[in-house]
Amino acid sequence: MAGQCELGVTGLATMGANLARNMARNGFPVAVHNRTDSRTRELLERHGADGELVGTFSTEEFVAALARPRRILVMVKAGPAVDAVLEELAGHLDEGDLLIDGGNSFFEDTVRREQAMAGRGLRFLGTGVSGGEEGALHGPSIMPGGTAEAYAMVEPVLTRIAAQVDGVPCCRLVGPGGAGHYVKMVHNGIEYADMQLIAEAYDLLGQALGMGAATLAEVFEQWNAGELDSFLIQTTARVLRQVDAATGRPLVEVILDQAEQKGTGRWTVQSALELGVPVTGITEAVFARVLSSQRSQRAAAAKVLPGPHGDASGPAAERLVDQVRDALYASKVVAYAQGFEQMAAAADAYGWEVELGGLATIWRGGCIIRARFLDRIREAYQAEEGLRNLLFAEYFRDAVGGAQDAWRRVVATAVTLGVPTPAFASSLAYYDGFRRERGPANLLQAQRDFFGAHTYRRTDRPGSFHTRWSEDGQEVEA
């Protein structure tokens, strides 16, 4: 089938293979290729009936199987492997052909790669894909970044294979350059925060009330029937119900308490620091994973570091469950508000025109952070153009304000019991810091001026000032 395939997919690990199958199932002839031939053969043997999957076993054969202009989706591990594959493919392509990086690449690498490919006459899309292996097969959320011309070359394919919500595909051109991979990075950062908040709810209810996995599964199922309805809450309930065949115990209880990470959460925090955006929930989620990895040190500390003394009882079971539910919702809103603020700041800094309401639209299906309240986010941005922080939107302002009493009690209960809830607590601290017209940073700036002559501004007149603290104590205009 030389020269007839609509698209090529190289890199046939789970995500790449499932995206290729998704395309074939939707009627698109797909050329597939992998560095190791055995993986290509395995895909054809197991899933060749899904549609027109054309196996190729060299770069030359792979490129020759594609209709012109050639369109190739690269699904390899982020980092040097992407550069190596792009370089090899570019040598076989012609001006106007398109390369798509569908992995979790760092957005600055995407900017560099687009420029390098443009220098060779090739088009490039840095494309975030969310949904895991099931989403890749049945409909992911897709976030392409690049030029409108490049996107037009694959729009019919991507919008067909994406998740569909209310007849709208969960795919749209996010913006130019690295915008697609940037918003996917922040999506993953929000995912980190969301998962950490759920883990803290699970831990606090388990520690405070002695709830086992089966009981907690019922709690999360009940929550999923309300405003917390989301993929991650639903997933949590299913995980908690899973029984380990070897021991007969809940599987979650025999899984080691060490959480790994692939870097997107860390990148989100690093970028937020550079942009000056306080993504406190995401940051605490990243650090919680780091702390979880220090298992031997934690085991040693458990033997020597004391916890709360005396009676550290919490509220009644039913009341605490409801309070944790409300605190989880409020903290989740904060995580999304911070993430969306970061994307707005990045769009300003890098000259991207990113429609935040559009992102909420394409995150409603397919992706890991899909949730009922993404419709509320979409509505908030539609109602107020230029909305900078979701906490200003009427719905979220009222929802968080109504939950704050429960939120405070949950954090206080956790502190009393010695159960760490860094994401709950930092989200509440952000909310309290954000709603204060005047905070304590005046003292910080006075200290900076004292030891470093960094100057300060006054509340009563314009200009910058310095006090000669170690001399005559007089204030001078800087």
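The values are calculated or read from the model by the stated rules, or taken from the named source; none is laboratory data. These numbers were taken from a predicted model, which means no experiment stands behind them. Glycine also receives a Cβ, built like all others from the backbone with ideal geometry; neighbour counts cover every protein chain displayed.
Provide a single number: the residues in region 460-474 that are acidic (Asp, Glu) and within 47 Å of the chain's Cα centre (by Cα).
1
Of everything in region 119-137 that's aliphatic (A, V, I, L, M) and not in a helix (DSSP H, G or I), which residue is nearest to the chain's Cα centre (by Cα)?
Per the stated criteria, the residue is 129.
In region 364-399, what count of residues is obtained for those that are acidic (Asp, Glu) and more than 16 Å from residue 344 (Cβ to Cβ)?
Matching residues across region 364-399 total 4.
Please indicate, with yes or no, whether at least one residue in region 394-413 is over 25 Å from the mean Cα position of the chain (by Cα) and not in a helix (DSSP H, G or I).
So far as region 394-413 goes, no, none of its residues is over 25 Å from the mean Cα position of the chain (by Cα) and not in a helix (DSSP H, G or I).
Pairs please, first residue from region 46-69 and assigned by TED's automatic domain parsing to the domain that holds residue 35 and among the aliphatic types (A, V, I, L, M), second anywhere and in a helix (DSSP H, G or I) and surrounded by fewer than 17 Cβ atoms within 10 Å (Cβ to Cβ), Cβ atoms under 9 Å, 6+ apart in sequence or on different chains.
Sorted first by the residue in region 46-69, then by its partner, the pairs are 53/44; 54/44.
Please specify each residue of region 374-393 satisfying the condition of being in contact (Cβ under 8 Å) with a residue 12 or more places away in the chain, of a type in the set (D, E, K, R) and loosely packed, with under 14 Cβ neighbours inside 10 Å. If you could, list the steps in order and put the result at the bottom.
Applying the first criterion (in contact (Cβ under 8 Å) with a residue 12 or more places away in the chain) to region 374-393 yields 374-382, 387-391, 393.
Pick out the ones that are also of a type in the set (D, E, K, R) and you get 375-376, 378-379, 388.
Result: 388, single match.
Among the residues that make up region 278-295, is at least one of them farther than 24 Å from residue 433 by Cα, in the same structural domain as residue 398 (by TED's automatic domain parsing) and surrounded by 20 or more Cβ atoms within 10 Å (Cβ to Cβ)?
Within region 278-295 (the criterion being farther than 24 Å from residue 433 by Cα, in the same structural domain as residue 398 (by TED's automatic domain parsing) and surrounded by 20 or more Cβ atoms within 10 Å (Cβ to Cβ)), the answer is no, since none of the residues qualifies.
Taking only region 67-105 into account, find how many residues are under 21 Å from residue 176 (Cβ atoms) and assigned to a loop (DSSP other than H, G, I, E, B).
9
Looking at (1) at pLDDT 95 or above; (2) closer than 19 Å to residue 125 by Cβ; (3) polar (S, T, N, Q), find the lone condition where residue 59 falls short.
Exception for residue 59: condition (2).
What about residue 116, is it part of a helix (DSSP H, G or I), closer than 24 Å to residue 93 by Cβ and either aliphatic (A, V, I, L, M) or assigned by TED's automatic domain parsing to the domain that holds residue 362 (or both)?
On the way: part of a helix (DSSP H, G or I): yes; closer than 24 Å to residue 93 by Cβ: yes; either aliphatic (A, V, I, L, M) or assigned by TED's automatic domain parsing to the domain that holds residue 362 (or both): yes.
The answer is yes for residue 116.
Which count do you get for residues in region 94-116 that are hydrophobic (A, V, I, L, M, F, W, C), free of Cβ contacts under 8 Å to residues at least 60 places away in the same chain and buried (at least 22 other Cβ atoms within 10 Å of the Cβ)?
The total comes to 3.
Count, please, the residues in region 208-227 that happen to be surrounded by fewer than 17 Cβ atoms within 10 Å (Cβ to Cβ), assigned to a helix (DSSP H, G or I) and at pLDDT below 95.
Of the residues in region 208-227, 0 are surrounded by fewer than 17 Cβ atoms within 10 Å (Cβ to Cβ), assigned to a helix (DSSP H, G or I) and at pLDDT below 95.
Can residue 236 be described as under 23 Å from residue 279 (Cβ atoms) and among the β-branched types (Val, Ile, Thr)?
Yes, satisfied.
Would you point out which residue out of 411, 415 is surrounded by fewer than 19 Cβ atoms within 10 Å (Cβ to Cβ), assigned by TED's automatic domain parsing to the domain that holds residue 353 and of a type outside the set (S, T, N, Q)?
Only one candidate passes the filter, namely 415.
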